[in-house]
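Everything below concerns the one structure shown next.
The values are calculated or read from the model by the stated rules, or taken from the named source; none is laboratory data. Predicted model only: the values in this text are computed from it and were never measured. Don't worry about glycine lacking a Cβ; one is built from the backbone with ideal geometry, like all the others, and counts go over all protein chains shown.
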Amino acid sequence: MSTADAPSPEVPDVPGASPKILAITAPYYRNVVDAMLEAASSVFSQANASLETVEIAGAFELPQALAIAASAGLAFDGFIALGCVVRGETDHYEFICASAMEGLMRVAVEHRLCLGTGLLTVDTLAQAMARSHETGANKGAEAAVACLKQIALKRRFSS
């Protein structure tokens, strides 16, 4: 599925108390990440979820920051990780993308976290803009919906 034909994300019902969410952002491409965060914030607002945001250095640090937050003992119901990596002229891109995505999944599974991932891994900045600014295809909104669905699933099986 491409960004152009992606369905608009629908905000799910989350049973129980209003979810508390931590957004971890790596705003190297601030214009892109801020647009994803804005869309995610709108989704969380519609779900009556509270949102706290922290900024970190870059995409490579996303898994580390998630692990730190998960280990801090704070009462977050869910997390979203937002960032962008644009392919350059070296293989640095491959290492950063693979490490960041694998790291996020590993931390989420080990700590049983409800995580929505909005880490764009694109060839061009224009592709990143299309995935962060177009109505209905914003990957920040999609990450927020994924996070909320995971929270609803966790609450269902915790009851």
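For the stretch 76-97, which positions are part of a helix (DSSP H, G or I) and either buried (at least 18 other Cβ atoms within 10 Å of the Cβ) or at pLDDT 95 or above (or both)?
The first filter runs over the stretch 76-97 and keeps only residues part of a helix (DSSP H, G or I), leaving 92-97.
Passing the criteria: Ile96, Cys97.
List the number of the failed condition for Ser45; all other conditions in (1) outside any strand (DSSP E or B); (2) closer than 23 Å to His133 by Cα; (3) in contact (Cβ under 8 Å) with a residue 24 or more places away in the chain; (4) not basic (Lys, Arg) hold.
Against the list (1) outside any strand (DSSP E or B); (2) closer than 23 Å to His133 by Cα; (3) in contact (Cβ under 8 Å) with a residue 24 or more places away in the chain; (4) not basic (Lys, Arg), Ser45 comes up short only on (3).
Please go through (1) exposed (fewer than 15 other Cβ atoms within 10 Å of the Cβ); (2) assigned to a loop (DSSP other than H, G, I, E, B) for Pro9 and return the number of the only condition it doesn't satisfy.
All conditions are met except number (1).
Output the residue which, of all residues in the stretch 100-129 that are among the hydroxyl-bearing types (Ser, Thr, Tyr) and within 19 Å of Ala57 (Cβ to Cβ), is surrounded by the fewest Cβ atoms within 10 Å (Cβ to Cβ).
Looking only at the stretch 100-129, we keep the residues that are among the hydroxyl-bearing types (Ser, Thr, Tyr), and these are 117, 121, 124.
Applying the additional criterion that residues be within 19 Å of Ala57 (Cβ to Cβ) yields 117, 121.
Working: Thr117: 22, Thr121: 19.
Only one residue fits best here, namely Thr121.
Go over the candidates Ala70, Ala23 one by one and state the one that is part of a strand (DSSP E or B) and surrounded by 16 or more Cβ atoms within 10 Å (Cβ to Cβ).
Values: Ala70 fails: part of a strand (DSSP E or B).
Testing whether each residue is part of a strand (DSSP E or B) and surrounded by 16 or more Cβ atoms within 10 Å (Cβ to Cβ) leaves just Ala23.
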